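Notes follow the structure.
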Amino acid sequence: MRDYSNMPVLDWQAAKAPQKAKAQILHQEPVILQMPDDFRIDIESDAFGCKREADSNILYDCDGGELLQQVAQHTHLEGLKTVAEACTRSSSRVDIDRERHRIIVHD
């Protein structure tokens with residue numbers, strides 16, 4: 001399992017979080033988006049190329065651009081479209097930690 005301890009964390013509710021995340025992603029730097037406690041991502045573990053961590057509820061190595069576009073449509077969080085576009089441009093992958101309400105963007 002990937003070690004997330006040294007990755008910067010952005011609070012999704014902070015001012016300009018989508019733009020800050022975009023800048024990190026386009027510089028090929030990882031970032032963790034800490035989403036609100038009521039944020040839910042309901043996708044199948046094999047969708048978007050995701051794999052499931054055997055001993056946890058973490059989906060990893062998902063296609064970041066496609067996954068986040070879909071999530072943006074379902075959650076009506078327009079800022080996620082900005083992040084999705086950055087993921088597409090940088091070919092970033094995404095891990096989803098559903099228990100902790102985190103989106104982890106990496107290489």
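Summed over qualifying helices (DSSP H, 4 residues or more, each -39500 (n - 2.57)) and divided by its residue number, the chain shows a 222 nm mean residue ellipticity of -10000 deg cm²/dmol.
Taking the chain as a whole, the Cys residues whose C-beta sits 4.7 Å or farther from every other Cys C-beta are C87.
Out of (i) 18, 15, 14; (ii) 23, 15, 13; (iii) 29, 15, 11, which label holds the value of semi-axes √(5λ) of the Cα gyration tensor in Å that was computed here? Of the labelled values, this structure produces (i).
Based on the Cβ-Cβ distance from R52 to Q19, what FRET efficiency comes out when R0 is 25 Å, to the nearest 0.05? Please report the intermediate quantities before stating the final value.
On the way: r = 31 Å, r/R0 = 1.24.
It comes to 0.20.
Modelled spin labels at D107 and H76, positioned 7 Å past Cα toward Cβ, are 3.9 nm from each other.
Where a ≥ b ≥ c are the square roots of the eigenvalues of the C-alpha gyration tensor, would you call the stretch 1-43 rounded, which needs a/c under 1.5, or, failing that, prolate if a/b is larger than b/c, or oblate?
Oblate.
Each residue of the stretch 9-17 is assigned a 3J(HN,Hα), and the resulting list reads 10, 10, 6, 4, 7, 6, 4, 6, 4 Hz, derived from the Karplus form 6.51 cos²θ - 1.76 cosθ + 1.60 (θ = phi - 60°), x at Gly and Pro.
We did not get these values from a lab; they are worked out from the coordinates using the rules stated. Note that the structure is predicted; figures quoted are calculated from it, not measured. For neighbour counting, all protein chains shown are included, and Cβ atoms are generated from backbone atoms with ideal geometry for every residue, glycine included.
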